[in-house]
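Engineer: Dumping the structure here so I can ask a few things about it.
The values are calculated or read from the model by the stated rules, or taken from the named source; none is laboratory data. What you are looking at is a predicted structure, and each value in this text was computed from that prediction instead of being measured. Cβ atoms come from the backbone with ideal geometry, glycine included; neighbour counts cover every protein chain shown. These area figures cover heavy atoms from the full protein model, side chains too; ligands, DNA and RNA do not enter into them. Shrake-Rupley method; radii C 1.70, N 1.55, O 1.52, S 1.80 Å.
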Amino acid sequence: MDEVVATFEIRCRRLIDEAGRPLGPLPPTATDQALITRLLEGMLLARAFDRRCVNLQRTGQLGTFATSLGQEAVPVGVAVAMHADDVLVPSYREGAAQIIRGVAIEELLAYWGGDERGHAYANPAVAEDLPVAITVGNQALHAAGVAAAMQHRRQARCAVCVMGDGATSKGDVYEAINVAGAWRLPVVFVVTNNRWAISTPVARQTGAETLAQKGLAGGIAALQADGNDVLAVHDAVGEAVERARSGGGATLVECLTYRVNDHNTADDAGRYRDPAEVEEARRADPIARLIAFSGIDPAPLEAAVGERIEAAVARYLAIVPEPSAAMFGHLHHEIPEPTRWQLRG
Amino acid sequence: MAAAGLNMVEAITCALARALADDPDVLLLGQDIGRKGGVFQATAGLHERFGADRVRDTPLAETMISGLAIGMATQGLRPVAEIQFLGFLYPCLDNLANHASRLRTRTRGRLTCPLVVRTTHGGGVHAPEHHSEAIESMLAHVPGLRTVIPSTPARAYGLLLAAIRDPDPVVFLEPTRLYRATREDVADDGVALPLDRCHVEREGSDLTLVAWGAALYEAREAAATLAVEGISAEIVDVQTIAPFDAATVIASVERTGRCVIVHEGARRAGFGAEIAAEIAERALTSLLAPVERVTGYDTVMPLPRLERAYLPTTERVVEACRRAYLYR
Ligand SMILES: [Mg+2]
């Protein structure tokens with residue numbers, strides 16, 4: 001006889017629909033006007049930043065860049081849900097989260113413009129945040145390590161790791177989830193399921209019905225959130241952050257959204273993706289939805305973020321490149337004697 | 001305080017204990033390093049003495065161990081990770097090369113990675129497949145990563161302390177064949193040896209034998225045989241593979257005019273090639289004979305029945321030295 005020894009379920013959190021109408025009772029945050037304004041401002045900033053970055057890239061003033069068009073609710077909801085003393089472990093599509101946490105916009109531009117100083121972060125508020133992870137999925141383990149250090153020191157903090165749907169196919173992510181469960185680590189894994197990993201749709205990425213259930217296999221809490229509903233993302237990630245900070249262990253939050261743009265400025269999604277699918281995704285726009293819900297006039301916020309970005313772009317364009325010897329400057333804490341002669345070029 | 005007659009494993013345990021006692025940020029992590037004390041007993045007794053928080057058994061996942069150590073290190077801890085055998089280090093190379101070695105550079109010093117990965121090195125102990133490799137040249141090719149291979153208990157103690165105290169990532173390769181091969185008095189004085197410095201193990205005037213790890217013992221035996229024949233060999237123990245202290249080797253070759261390099265790893269692109277290139281560039285006019293390399297062969301490390309045929313033998317080293325000495 002076979003007996004049922006364990007059963008599992010995955011829930012998806014949705015708070016407002018595409019027209020901005022409540023889908024049920026809302027959490028207290030939904031009436032916090034200051035919070036909602038912050039979320040809206042963050043998403044407007046994300047969109048304006050992306051647009052400006054693509055413009056800079058197309059005019060030869062920035063390197064390859066990956067936008068977050070259509071999925072802005074995820075980085076913004078994540079960053080606003082975090083506490084200042086938590087540590088963000090981002091992938092390469094969370095610029096908005098980095099900026100909200102305190103990374104200077106010109107620093108982000110500098111990094112994407114090919115200058116390591118963009119990861120030096122002058123603002124002490126983000127001194128411990130990890131740099132952008134270009135290698136997909138490795139950062140899940142780094143986040144687990146950050147969390148293990150916090151736990152080791154009995155600190156009530158957590159690490160928040162953001163990754164894409166493609167990353168969940170990697171062993172690193174399984175290993176991170178596994179150790180997070182085994183050690184009850186204070187870490188939150190946010191999976192931005194934007195349905196595409198470059199040209200691979202999520203249905204060909206995995207046979208699992210949800211990406212969230214990969215968390216269950218490692219014994220951590222797991223749920224989905226509507227990734228185009230910033231209130232749902234904020235609520236789900238916020239709950240996970242509080243759980244982690246209070247010793248309740250790790251959570252995987254799968255945010256369901258859609259990558260409206262190409263993978264990056266070097267990609268042309270028209271070669272592999274049905275445009276009708278993209279048009280449908282545009283109707284679920286997270287910014288329009290929050291505006292409909294809140295009734296906030298976005299114009300003054302848009303004007304303010306626009307000015308902020310232009311000022312940062314001007315500072316970015318004025319940055320003088322480092323001298324070539326800078327490539328040795330931080331290889332080790334001091335340049336090893338055997339390497340020193342290479343400084344002379 | 002001197003610990004009398006320690007073998008290399010015991011010297012390593014002694015250094016780990018010293019590091020744990022000296023610095024609350026040091027912690028050990030790895031598979032079976034807790035109550036078991038590690039597959040080679042390198043952490044024996046440390047779990048009891050320092051607790052499960054600081055001597056941490058991990059799930060069985062090498063990639064995880066290396067990635068976790070990086071995250072911990074960014075928070076200012078000094079993790080010392082144990083990978084059971086060098087053949088199991090490959091999953092860690094992604095984290096070592098893409099992250100640990102470049103985190104300081106890619107954040108311009110904002111974040112650092114003061115971690116150590118300890119694992120075994122080399123063959124000769126009749127171990128199963130994947131347990132006997134010598135891939136130091138792969139590691140040496142990664143900028144920002146230090147690679148250290150001790151050859152005696154006392155130097156293992158001093159170099160391991162240096163590796164743990166170094167504020168950047170170090171891979172510490174422990175020659176399996178030497179773990180219990182010899183004993184010597186080790187002063188448990190907390191004194192670290194310098195990194196990136198070759199050690200002149202024996203002075204000589206006719207040729208320079210360059211070796212590291214367990215192959216140093218073949219070099220020693222060869223030097224003793226050659227001495228009987230009236231050939232005086234100097235021995236340089238490279239010990240810190242990367243960054244490589246070429247100056248010490250060059251200075252020796254300038255005096256002796258001949259060089260024989262001995263290592264267990266495969267010949268092609270082995271670290272001996274780097275040393276030979278340095279000599280060609282910087283000491284060509286001092287050479288009285290071509291540089292010789294006595295190495296593992298360019299084939300897969302065999303299982304135990306053939307491993308002695310693969311590893312450099314004293315005879316091969318002696319022959320190479322005679323060829324160099326007699327070259328006209
Ligand atoms: Mg994706």
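Engineer: May I ask for the angle, rounded to the nearest 10°, between helix B:8-22 and the longest principal axis of chain B, with both axes built from Cα atoms and the value confined to 0 to 90°?
Structural biologist: 40
Engineer: Okay, next question. Roughly to the nearest percent, how much of the accessible area of chain A is carbon and sulfur, given a 1.4 Å probe?
Structural biologist: Whole-percent figure for carbon plus sulfur exposure: 52.
Engineer: Suppose accessible area is computed on protein heavy atoms with a 1.4 Å probe; arrange A:D297, A:D86, A:D262, B:D57 from highest to lowest.
Structural biologist: The ordering from most to least exposed comes out as A:D297, B:D57, A:D262, A:D86.
Engineer: Which positions within the stretch B:95-117 get 50 Å² or more of their accessible surface covered by the other protein chains, compared to the chain by itself, with a 1.4 angstrom probe?
Structural biologist: Going by heavy-atom accessible area, the residues of the stretch B:95-117 that drop by at least 50 Å² are B:H99, B:R104, B:T105, B:R106, B:R108, B:R110.
Engineer: Near the amide H of B:V55, under 5 Å away, which other amide H atoms are found, from residues 5 or more places off or on another chain, if H is placed in the peptide plane?
Structural biologist: Answer set, sorted by chain and number: B:L28.
Engineer: Return a whole-number percent for the relative contact order of chain B, with Cα pairs under 8 Å and 6 or more residues apart as the contact set.
Structural biologist: So the answer I get is 17 percent.
Engineer: Round to the nearest 0.05 the FRET efficiency obtained for B:Y297 and B:A251 when R0 = 22 Å and r is the Cβ-Cβ distance.
Structural biologist: FRET efficiency, B:Y297 to B:A251: 0.10.
Engineer: Now for a separate question. Among the chymotrypsin sites (Phe, Trp or Tyr not before Pro) within the stretch A:1-79, which fall in a DSSP loop and have no more than 16 other Cβ atoms within 10 Å of their own Cβ?
Structural biologist: Counting only loop positions with at most 16 other Cβ atoms within 10 Å, the chymotrypsin sites (Phe, Trp or Tyr not before Pro) in the stretch A:1-79 are A:F8.
Engineer: Accessible area per residue of the stretch B:103-252 at 1.4 Å probe, in Å²?
Structural biologist: Dividing the accessible area of the stretch B:103-252 by its residue count gives 29 Å².
Engineer: Given A:I177, B:L209, A:I296, which one lies farthest toward the positive end of the charge dipole of the protein assembly as shown, if we put +1 on the Cβ of every Lys and Arg and -1 on the Cβ of every Asp and Glu?
Structural biologist: Farthest along the dipole direction, towards plus: B:L209.
Engineer: Students sometimes get this wrong: rank B:V125, B:V228, A:V230 by accessible area, probe 1.4 Å, all chains present, largest first.
Structural biologist: Order by accessible area, largest first: B:V228, B:V125, A:V230.
Engineer: Of the heavy-atom accessible surface of chain B (probe 1.4 angstrom), what whole percent is carbon and sulfur?
Structural biologist: About 53 percent, which is the carbon plus sulfur part of the accessible surface.
Engineer: Can you tell me the orientation of helix B:314-326 relative to chain B, as the angle in degrees between its alpha-carbon axis and the longest Cα principal axis, to the nearest 10?
Structural biologist: Long axis of B:314-326 versus the principal axis of chain B: about 40 degrees.
Engineer: Would you look at the GNM of chain B, springs on alpha carbons closer than 10 Å, and say which of B:T107, B:T240, B:T313 moves the most?
Structural biologist: B:T107
Engineer: Can I ask one more? Under 5 Å between amide H atoms, partner at least 5 residues away or on a different chain: which partners does A:G164 have, H built in plane at 1.01 Å?
Structural biologist: When sequence neighbours closer than 5 places are left aside, the close amide H contacts are A:T192.
Engineer: Which value, in debye to the nearest 20, describes the size of the charge dipole of the stretch B:2-187 about its Cα centre when Lys and Arg Cβ atoms bear +1, Asp and Glu Cβ atoms bear -1, and nothing else is charged?
Structural biologist: 440
Engineer: Also: Roughly how big is chain B's charge dipole about its Cα centre, with Cβ charges of +1 (Lys, Arg) and -1 (Asp, Glu), in debye to the nearest 20?
Structural biologist: That gives chain B a dipole magnitude of about 460 debye.
Engineer: If you don't mind, there's one more thing I want to ask. Can you find, among B:V249, A:T29, A:V78, the residue sitting farthest towards the positive end of the charge dipole of the protein assembly as shown, where Lys and Arg contribute +1 and Asp and Glu -1 at Cβ?
Structural biologist: Going by the Cα projections, it comes out as B:V249.
Engineer: Let me ask something additional. Just flag the GluC sites (Glu not before Pro) in the stretch A:1-87 sitting in loop per DSSP whose Cβ has no more than 16 other Cβ atoms within 10 Å.
Structural biologist: Those that pass, being in a loop and sparsely packed, are A:E3, A:E9, A:E18.
Engineer: Which residue, A:C255, A:A6, A:A144, has the largest displacement toward the positive end of the dipole of the protein assembly as shown when charges sit on each Cβ (Lys, Arg +1; Asp, Glu -1)?
Structural biologist: Projecting each Cα onto the dipole axis, the largest value belongs to A:A144.
Engineer: Okay, moving on. What value, in deg cm²/dmol to 500, does the helix sum -39500 (n - 2.57) over DSSP H runs of n ≥ 4 give at 222 nm once divided by the residues of the protein assembly as shown?
Structural biologist: Calculated at 222 nm, the ellipticity per residue is -11500 deg cm²/dmol.
Engineer: Take the Cα of B:T313, step 7 Å along the line toward its Cβ, and report every residue of the stretch B:114-157 whose backbone nitrogen sits under 17 Å from that point.
Structural biologist: Counting only backbone N, you get B:123-126.
Engineer: Still on this structure, please answer the following. Which of B:A134, B:A156, B:A289 ends up with the largest GNM mean-square fluctuation for chain B, with Cα atoms connected below 10 Å?
Structural biologist: Highest fluctuation among the options: B:A289.
Engineer: How far is helix B:215-228 tilted, in degrees, relative to the longest principal axis of the Cα atoms in chain B, given as a value from 0 to 90 rounded to the nearest 10?
Structural biologist: 30
Engineer: May I pose another question? Residues with amide H under 5 Å of B:V117's amide H, sequence separation 5 or more or different chain, H placed in the peptide plane at 1.01 Å from N; which?
Structural biologist: Answer set, sorted by chain and number: B:A81, B:V170, B:V171, B:F172.
Engineer: Let me ask you something else. Evaluate the charge dipole of the protein assembly as shown about its Cα centre and quote only its size in Debye, nearest 20, assuming +1 on the Cβ of each Lys and Arg and -1 on the Cβ of each Asp and Glu.
Structural biologist: For this selection, approximately 360 debye.
Engineer: Ok, one more. Once you keep just the Cα pairs under 8 angstrom separated by 6 or more residues, what percentage relative contact order results for chain A?
Structural biologist: 23
Engineer: Leaving ligands, DNA and RNA out of it, rank A:R184, B:R316 by accessible area with a 1.4 Å probe, largest first.
Structural biologist: Sorted descending by solvent-accessible area, the residues read A:R184, B:R316.
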